[in-house]
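To start, the structure under review is shown below, and the notes come after it.
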């Protein structure tokens, strides 16, 4: 009997371990303790005390077995279905991309039905209309050798901080002033930043994409052009699941939704998982329309940034003069890593006329390098938490800095027209 219990417990622990359950490691000491207790039973099995121990333990072990089995079951469910943040440590919206959904179509349907509470017939009906789009496969296939890309800050910046976006951005701001002001008041994100992101993403709705999103996500979820990178297909299957859920809840029409060749939707280019977690029904019509409702798009961008750490009344770049040798202060991360006191101790000073701000409290800043390898130059800036919030929209220093600079240009135009606006830095 003792050997039977030991054998069973051992295999439950092994099952947890192979499923990636960290609790299995915690259970190993328990297993050792059980072995010790059973050894005592064996030694004293002819004694009265040993008899009592054995009788008590005979009841204890089955209970423990059930507990361990339950732990195993819970862990598997958690790995497949529970949401944690953007990566396991970031914002909630990205977590769903890491959930495991089968590459087998029938199993996928069953999993999505169970996870989201959607009738299988509804999922099957939508997927029956989905087709593999060869254009998407071609556009998403990596080009060349996959070698290192030359970084050129000025060339990147000039693609977005340019006359057309400044002109169209000013017109967009003038046409949507009330909504932009409402978003800034509600979420603390300056109107200039919101308008800039929409301009960088789609030139204010001119370049939202014409690919059927259902086909795109189906293609990339089940026929991704990089089969040796299964995590990419996994990510797009989770995006497809989110789209099916949004359709079932009458938030997004999966049959008609169009977007980029990667599945991003509307003026702000939200992926379905981000729509689920951060999109706002700004015009209160019961639907999320990021393509044609500027109110939905504007408030959704503001909510996204607010949920990713944006702080009101804080500039994107701190007014700091960095010391010589600023390169040693760059860590390349996507979170603020330094405090103002640390930066001061390395020789940084406030610019003349600056009064500082909330970014001086705690670890709220980081030094970034906007490198231009074509020109052979480096541009070092002191970024605040708000800069890093923009990198959650697109994980790129160049992107976040371009958004900030276009926002500065748009805000300057509004100010020169007599409007009171929040400057981004």
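Quick check on my filter: what residues within the range 220-232 are part of a loop (DSSP other than H, G, I, E, B) and surrounded by 22 or more Cβ atoms within 10 Å (Cβ to Cβ)?
224
Looking at the range 135-219, what helices (runs of 4 or more DSSP H) fall wholly within it and have at least 1 residues that are in contact with a helix residue (DSSP H, G or I) (Cβ under 9 Å, 6 or more places away or on another chain), crowded, with 22+ Cβ neighbours inside 10 Å and at pLDDT 95 or above?
Of the helices (runs of 4 or more DSSP H) lying wholly inside the range 135-219, those with at least 1 residues that are in contact with a helix residue (DSSP H, G or I) (Cβ under 9 Å, 6 or more places away or on another chain), crowded, with 22+ Cβ neighbours inside 10 Å and at pLDDT 95 or above span 163-175, 177-187, 191-202.
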>> Condition first: assigned to a helix (DSSP H, G or I) and either under 15 Å from the mean Cα position of the chain (by Cα) or closer than 19 Å to residue 245 by Cα (or both). Now tell me which residues in the range 263-295 satisfy that.
In response: 272, 273, 274, 275, 276, 277, 278
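Return the total of residues in the range 382-425 being assigned to a loop (DSSP other than H, G, I, E, B) and either farther than 23 Å from residue 271 by Cα or at pLDDT below 95 (or both). Steps first, answer last, please.
Residues of the range 382-425 that are assigned to a loop (DSSP other than H, G, I, E, B), as a first pass: 392-396, 417-425.
With either farther than 23 Å from residue 271 by Cα or at pLDDT below 95 (or both) added as a condition, the list becomes 417-425.
Qualifying residue count for the region: 9.
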> What is the residue count in the range 392-420 for residues that are buried (at least 21 other Cβ atoms within 10 Å of the Cβ) and under 16 Å from residue 302 (Cα atoms)?
Replying inline: 6
> Residues in the range 298-323 that are out of contact with any strand residue (DSSP E or B) (no Cβ under 6 Å at 6 or more places or on another chain), buried (at least 24 other Cβ atoms within 10 Å of the Cβ) and closer than 21 Å to residue 343 by Cα: how many?
Replying inline: 1
> Residues of the range 342-352 being within 15 Å of residue 384 (Cβ to Cβ) and out of contact with any strand residue (DSSP E or B) (no Cβ under 7 Å at 6 or more places or on another chain), which ones?
Replying inline: 342
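The values are calculated or read from the model by the stated rules, or taken from the named source; none is laboratory data. The structure displayed is predicted, hence computed values, not measured ones. Neighbour counts run over all protein chains shown; Cβ positions are idealised from the backbone, glycine included.
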